[in-house]
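Colleague: Have a look at this one.
The values are calculated or read from the model by the stated rules, or taken from the named source; none is laboratory data. This one's a predicted model, so the numbers in the text were calculated from it and none came from an experiment. Glycine gets a Cβ as well: all are built from the backbone with ideal geometry, and neighbour counts include every protein chain shown.
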Amino acid sequence: MKSSAKQASQSQIVSALIAIVVIVGATGFAWMWMQKQQVTPDETETQQLAPGETKPGPTPTPTPTKLFHGKDTYIVSRGSQATGPNVTEITLDPLDPAVGGQQTLSVKASYSGAITDVSVKLRTDTKTTTLKLELSEGTNLGGTWKTTWIIPESYLYNYSATIVATSGKEVTNIPVTIRERK
């Protein structure tokens, strides 16, 4: 009887040791995983600021797509079967204005009939603004329409323009998505 009792206590000891090793291993893995999940400070947070220099604000999450700086032009091609005014070029100058800054939008369009209206619906993070463009060059059969507006708010996540050109009952909508939160 003593030998079976010794075997039972030895097997209990081995089971207890295996359980301890598993618990220690799982705890160590969980600790390492949690360390990787912690946010590390930005280089800008650890640098000393010069007198009068301000600390940059936090980076939005998720980080917005970086935009090209300056004037950007989009060339539009709709194919031979398209109807309505033919929008061929859309220019945003600058593409990345500061909030409160100005941006000029230019649209080149042509059509066999007179183009009666060119407008743009600009979508930023929380607003949609509709602006009427004025003919600045050429004729209403083929020319450039422009407008200048003040950027009312941030466009870190949503930034798009839909160009609407009208000639009588014919309407052309050209969407241009610059940034879009998915």
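Colleague: Do we have any residue at all in the range 149-162 that's surrounded by 13 or more Cβ atoms within 10 Å (Cβ to Cβ), more than 22 Å from E180 (Cβ to Cβ) and touching a strand residue (DSSP E or B) at 6+ places or on another chain (Cβ under 9 Å)? Break it down into steps so the answer makes sense when it comes.
Modeller: So in the range 149-162, the residues surrounded by 13 or more Cβ atoms within 10 Å (Cβ to Cβ) come out as 149, 151-152, 154-162.
Still in the list and also more than 22 Å from E180 (Cβ to Cβ): none.
No.
Table: residues versus (1) in a helix (DSSP H, G or I); (2) modelled with pLDDT under 80; (3) among the hydroxyl-bearing types (S, T, Y); (4) not assigned by TED's automatic domain parsing to the domain that holds T148.
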residue: M34; (1), (2), (3), (4): yes, yes, no, yes
residue: P64; (1), (2), (3), (4): no, yes, no, yes
residue: L105; (1), (2), (3), (4): no, no, no, no
residue: K108; (1), (2), (3), (4): no, no, no, no
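Colleague: For the range 65-116, name all the residues that are farther than 23 Å from K169 by Cα, surrounded by 17 or more Cβ atoms within 10 Å (Cβ to Cβ) and among the charged types (D, E, K, R).
Modeller: D96
Colleague: Only one of V107, V120 is hydrophobic (A, V, I, L, M, F, W, C), more than 19 Å from the chain's Cα centre (by Cα) and farther than 22 Å from R181 by Cβ. Can you tell me which? Quick ask: steps written out before the conclusion?
Modeller: On the way: V120 fails: farther than 22 Å from R181 by Cβ.
Result: V107 is the single residue among V107, V120 that is hydrophobic (A, V, I, L, M, F, W, C), more than 19 Å from the chain's Cα centre (by Cα) and farther than 22 Å from R181 by Cβ.
Colleague: Go through the residues of the range 132-143 one by one and say whether even a single one is farther than 20 Å from K71 by Cα, buried (at least 17 other Cβ atoms within 10 Å of the Cβ) and among the β-branched types (V, I, T).
Modeller: No, the range 132-143 contains no residue that is farther than 20 Å from K71 by Cα, buried (at least 17 other Cβ atoms within 10 Å of the Cβ) and among the β-branched types (V, I, T).
Colleague: Of the residues in the range 163-179, how many are more than 27 Å from the chain's Cα centre (by Cα) and surrounded by 15 or more Cβ atoms within 10 Å (Cβ to Cβ)? Before the answer, list the steps.
Modeller: First, the residues of the range 163-179 that are more than 27 Å from the chain's Cα centre (by Cα): 166-171.
From the residues that got through so far, the ones that are surrounded by 15 or more Cβ atoms within 10 Å (Cβ to Cβ) too are 166-167, 170.
Total meeting the criteria: 3.
Colleague: Continuing with the same structure: Just to be sure before I move on: is K127 modelled with pLDDT of 90 or more, among the charged types (D, E, K, R) and either farther than 21 Å from N158 by Cβ or in the same structural domain as K169 (by TED's automatic domain parsing) (or both) in the structure I sent?
Modeller: Working: modelled with pLDDT of 90 or more: yes; among the charged types (D, E, K, R): yes; either farther than 21 Å from N158 by Cβ or in the same structural domain as K169 (by TED's automatic domain parsing) (or both): yes.
So K127 fits the description; yes.
Colleague: Given the criterion modelled with pLDDT under 95, small (G, A, S) and under 30 Å from T63 (Cα atoms), identify the matching residue among A98, A82.
Modeller: Working: A82 fails: under 30 Å from T63 (Cα atoms).
That would be A98, the only listed residue that is modelled with pLDDT under 95, small (G, A, S) and under 30 Å from T63 (Cα atoms).
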